[in-house]
Amino acid sequence: MIKKAGLITTALLLFLSSPLYAGVGGAIDAKEQVDLLPLLKFTLVFLAGISAVFGLGLAFAAKKFAVHLDPRIEEVAGVLASAHCGACGYAGCQQYAEAVVLNPDVAPNLCTPGGASVAKAVAHITGKEAKELEQRIARIFCQGGLSKSVRRFKYEGIEDCRAAVLASGGDKSCVYGCLGYGTCARVCPFGAIIMSDDYLPIIDPVKCTACGKCAQACPKKVIEILPSAKEVLVRCHSKDKGAVARKNCQVGCTGCGICVKVCPYNAPVVENNFSRINLDKCKVCGLCVAKCPTNAIMDYIPHRPKAVVTDKCIGCAICTKVCPVNAPSGELKKLHVIDQNKCIGCGICTAKCPVVAIIGTFNYPEVLQASEAKKATRAKEKEASVSV
């Protein structure tokens, strides 16, 4: 038995040592070093070929789908104010530069922060005509500060108008009024708005560029961008009835209609308990300002020139007929005078005088003194000529 097992073991060893059991490569002699150079050459050639194919493809695509940028776009972008305020109606200055160069319908004067100088530069680059735009400014349509308005409750949240309005529309009794938490001042990119001690925004007309960011940020919409030349406005947006408006605010518009009755140009209109002045009709005479019982109408002209009659007066008495406050007086065909205490500086008599004998001046005593001196000189000259 043992002898038989030994024979089987010997036969198995002979079989394993034979070439038939060497497996894959079993009959191949082993080498000490492997030559990788052919493999590397093949790899490099393959990669070079693939790179060439893709490079040619990308070059063809770049040429086929290339977007040719007009060099004027960069020129226009370079002269813009770079405020990115959106006043032009585009997302930013680059977008406006592309539009004004590529679109013939886009005007070159839409960059309000840049003003007239930028408009002329853009017009020169694009070959367009730059029409002069009327200067505009942000106006606040509320005068009901903390001391003149009523609060419904004490707000103790984040000092931001957009946050405060989430609390039942804000803490102000007048739901149309300015909340006074300074959101407009914080979003203004030009520092043109400051908050007064009475929690109302104040616009700096020199810094304001009419970009409109403050108007967009105001949740109560009490800020409007308007022509700066229109300086007589009803600074109130309240649509409450008279009794409610008076209860909520001391300087709110009650829709009484007095401004409609006294205006010689039919500019004010009262609708929904709310008076608004038609800026196309308004001549900025300021008569409605003097007559408004709640002082809701703001006159942005701090000092109006008083009317003065010069020596050109022929005594036609037209000024006495058109004056809304009966300031002019005088006999027919004789020099008229204007009561400076009554005159409100509306300029109606100046516009109506047929011989342009009425002027507006801030220094009435000086004008009067000069006129008297001129009369005295003429009298002396007349006496001298008579004596000769």
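The values are calculated or read from the model by the stated rules, or taken from the named source; none is laboratory data. Computed from a prediction, not measured in an experiment: that's the story for all the values here. Cβ sites come from the backbone with ideal geometry, for glycine too, and all protein chains shown count toward neighbours.
Restricting attention to the stretch 148-156, does a residue exist that is modelled with pLDDT under 95, more than 12 Å from the chain's Cα centre (by Cα), farther than 16 Å from residue 249 by Cβ and of a type in the set (Val, Ile, Thr)? So that I can check it myself, show each step before the final result.
If we filter the stretch 148-156 for residues that are modelled with pLDDT under 95, which is where we start, we get 148-156.
Those still in the list that are more than 12 Å from the chain's Cα centre (by Cα) too: 148-156.
Subsequent filtering for residues that are farther than 16 Å from residue 249 by Cβ retains 153-156.
From what's left, of a type in the set (Val, Ile, Thr): none.
For the stretch 148-156, residues modelled with pLDDT under 95, more than 12 Å from the chain's Cα centre (by Cα), farther than 16 Å from residue 249 by Cβ and of a type in the set (Val, Ile, Thr): absent.
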Checklist outcome for this item: Considering residues that are surrounded by 14 or more Cβ atoms within 10 Å (Cβ to Cβ) and under 14 Å from residue 352 (Cβ atoms), the number found within the stretch 312-338 is 14
Checklist entry - Does residue 284 satisfy the criteria of being outside any helix (DSSP H, G or I) and farther than 16 Å from residue 142 by Cβ? => result yes
Checklist entry - Pick from the stretch 225-272 the residues that are of a type in the set (S, T, N, Q) and more than 27 Å from the chain's Cα centre (by Cα): which of them is surrounded by the most Cβ atoms within 10 Å (Cβ to Cβ)? => result 254
Item to check | Selection within the stretch 311-339 - part of a loop (DSSP other than H, G, I, E, B) and more than 21 Å from residue 264 (Cα to Cα) | outcome: 311, 312, 313, 314, 315, 330, 331, 332, 333, 334, 335, 336
Checklist outcome for this item: The lone condition residue 92 fails out of (1) under 30 Å from residue 170 (Cβ atoms); (2) out of contact with any helix residue (DSSP H, G or I) (no Cβ under 7 Å at 6 or more places or on another chain) is (1)
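Every residue, every condition in (1) closer than 30 Å to residue 254 by Cα; (2) aromatic (Phe, Trp, Tyr); (3) at pLDDT 90 or above, yes or no:
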| residue | (1), (2), (3) |
| --- | --- |
| 314 | no, no, yes |
| 324 | yes, no, no |
| 329 | no, no, yes |
| 332 | no, no, yes |
| 344 | yes, no, no |
| 360 | no, no, no |
| 377 | no, no, no |
Checklist entry - List, please: which pairs have Cβ atoms under 9 Å, are six or more places apart or on different chains, and start with a residue in the stretch 41-69 that is not assigned by TED's automatic domain parsing to the domain that holds residue 98 and end with one that is modelled with pLDDT of 85 or more? => result 69/98
Checklist entry - Is there a residue in the stretch 28-35 that is part of a loop (DSSP other than H, G, I, E, B), at pLDDT 70 or above, among the small types (Gly, Ala, Ser) and not assigned by TED's automatic domain parsing to the domain that holds residue 217? => result no
Next on the checklist: For the stretch 220-253, give me the residue count where each residue is aliphatic (A, V, I, L, M), touching a helix residue (DSSP H, G or I) at 6+ places or on another chain (Cβ under 9 Å) and under 15 Å from residue 268 (Cβ atoms).
Outcome noted: 2
Next on the checklist: Kindly evaluate residue 125 against the criterion of being over 30 Å from residue 71 (Cα atoms), out of contact with any Gly (no Cβ under 6 Å at 6 or more places or on another chain) and in contact (Cβ under 8 Å) with a residue 24 or more places away in the chain.
Outcome noted: no
Next on the checklist: I need a count of the residues in the stretch 287-309 that are β-branched (Val, Ile, Thr), assigned to a loop (DSSP other than H, G, I, E, B) and at pLDDT 90 or above.
Outcome noted: 1
Checklist entry - How many residues are free of Cβ contacts under 8 Å to residues at least 24 places away in the same chain, closer than 26 Å to residue 239 by Cβ and of a type outside the set (A, V, I, L, M, F, W, C) when one looks only at the stretch 161-204? => result 5
Checklist entry - Looking only at the stretch 98-154, which residues are small (Gly, Ala, Ser) and either loosely packed, with under 13 Cβ neighbours inside 10 Å or touching a Phe, Trp or Tyr at 6+ places or on another chain (Cβ under 7 Å) (or both)? => result 99, 116, 117, 127, 145, 147
Checklist entry - under 18 Å from the mean Cα position of the chain (by Cα), part of a helix (DSSP H, G or I) and either on the phi < 0 side of the Ramachandran plot or of a type outside the set (Lys, Arg) (or both) - does that describe any residue in the stretch 119-126? => result yes
Next on the checklist: With the requirement that a residue be crowded, with 19+ Cβ neighbours inside 10 Å, in a helix (DSSP H, G or I) and either within 14 Å of the chain's Cα centre (by Cα) or touching a residue at least 24 places away in the same chain (Cβ under 8 Å) (or both), what does the stretch 74-97 give you?
Outcome noted: 76, 79, 97
Checklist entry - Is at least one residue of the stretch 197-210 farther than 23 Å from residue 246 by Cα, touching a strand residue (DSSP E or B) at 6+ places or on another chain (Cβ under 6 Å), modelled with pLDDT under 95 and of a type in the set (Ser, Thr, Tyr)? => result no
Checklist entry - residue 261 versus (1) in a helix (DSSP H, G or I); (2) under 17 Å from residue 235 (Cα atoms): which is the lone unmet condition? => result (2)
